[in-house]
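Just below is one structure, and these are the notes that go with it.
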Amino acid sequence: MSLKKIDILDVANDYSASNIRYVIEDEEVIFIVDLAKNRSLFDLAGLLESLRELLGFEVVVFTESMIKEQYRESIINNSIKL
């Protein structure tokens, strides 16, 4: 992930996403981001597609509030800041 760090941060910036964190769980990369208040789920979807294209594999993108409460603390605590 560190090889693409600058590219990921540039893509995230295009969609006003910040505080980028990730966790690898069950062979899946989950990105957790903060989305600017003036952005919508369309921006999150654009970020998702852009990250998939950049990285060449399937990823999932969530904001903290989108993660089910029962899993949120565990995912956030195990995430790595990009």
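No value in this document is a laboratory result; all are computed from the given coordinates. Quick caveat: nothing in here was measured; it's all calculated off a predicted structure. Neighbour counts are summed over all protein chains in view; Cβ atoms, including those assigned to glycine, are modelled from backbone coordinates with ideal geometry.
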(request) Quick one: in the range 2-23, of everything that is among the β-branched types (Val, Ile, Thr) and within 16 Å of Glu64 (Cα to Cα), which residue is surrounded by the fewest Cβ atoms within 10 Å (Cβ to Cβ)? (result) Val23
(request) Would you point out which residue out of Leu35, Leu41 is aliphatic (A, V, I, L, M) and touching a helix residue (DSSP H, G or I) at 6+ places or on another chain (Cβ under 8 Å)? (result) Leu35
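Answer with yes or no whether Glu69 is among the charged types (D, E, K, R) and over 13 Å from the mean Cα position of the chain (by Cα).
Yes.
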(request) Among residues belonging to the range 27-37 that are under 17 Å from Arg72 (Cβ atoms) and surrounded by fewer than 18 Cβ atoms within 10 Å (Cβ to Cβ), point out the one that is farthest from the chain's Cα centre (by Cα). (result) Glu28
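Residue by residue, here is whether (1) at negative phi; (2) touching a strand residue (DSSP E or B) at 6+ places or on another chain (Cβ under 9 Å) holds:
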| residue | (1), (2) |
| --- | --- |
| Asp10 | yes, no |
| Asp14 | yes, no |
| Ala17 | yes, yes |
| Glu27 | no, no |
| Ser50 | yes, no |
